[in-house]
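Encoded as structure tokens, the structure appears first; notes follow it.
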Amino acid sequence: MVAVAESGATRRSSVTLCRFNDRPIGDVRIFFTTTDGRMQASKKGLAVDVARLPALADMLAKAVDKARELGLLKNEAER
């Protein structure tokens, strides 16, 4: 697992690097807590060939900048 972000008491998002059909991928996945208390991956997420990760990171950085410009994100100090 590369990174994890809590999305509330029963959900989290994670980024992993793994292989699918013998190809390296970056996988962003939402996990939820099952009724028996286990964290389980949902079908919601995004899998990207690792070669495309730099382009995805650039697009996400631009989206964050735009969201800040529009006042949609709080400053990190206000979290």
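For L73, nonlocal amide neighbours, meaning residues 5 or more places apart or on other chains whose placed amide H falls under 5 Å from its own, are R68.
Semi-axes, largest first, in whole Å: what does sqrt of 5 times each Cα gyration tensor eigenvalue give for the chain? If you can, show how the numbers build up before the last one.
Numbers: eigenvalues 120, 91, 15 Å².
Semi-axes from the Cα gyration tensor: 24, 21, 9 Å.
Length gained on full extension, K43 to I30: 3.9 nm, using 0.36 nm per residue less the C-alpha separation. Rolling a 1.4 Å probe over the heavy atoms of the protein chains gives region 1-44 an accessible area of 76 Å² per residue. Counting charges near F20 (Lys, Arg +1; Asp, Glu -1) among other residues having Cβ under 12 Å from its Cβ returns a value of -1. So if R0 is 25 Å, what FRET efficiency would A57 and R19 give, r being the distance between their Cβ atoms, rounded to the nearest 0.05? That gives a FRET efficiency of 0.80.
The values are calculated or read from the model by the stated rules, or taken from the named source; none is laboratory data. The model shown is predicted, which means the values in this text are computed figures rather than measured ones. A quick note on method: Cβ atoms are made from the backbone with ideal geometry, for glycine too, and the neighbour counts reach across all protein chains shown. When the accessible area is computed, the model is the full protein with side chains, heavy atoms only, and any ligands, DNA or RNA have been set aside. Shrake-Rupley method; radii C 1.70, N 1.55, O 1.52, S 1.80 Å.
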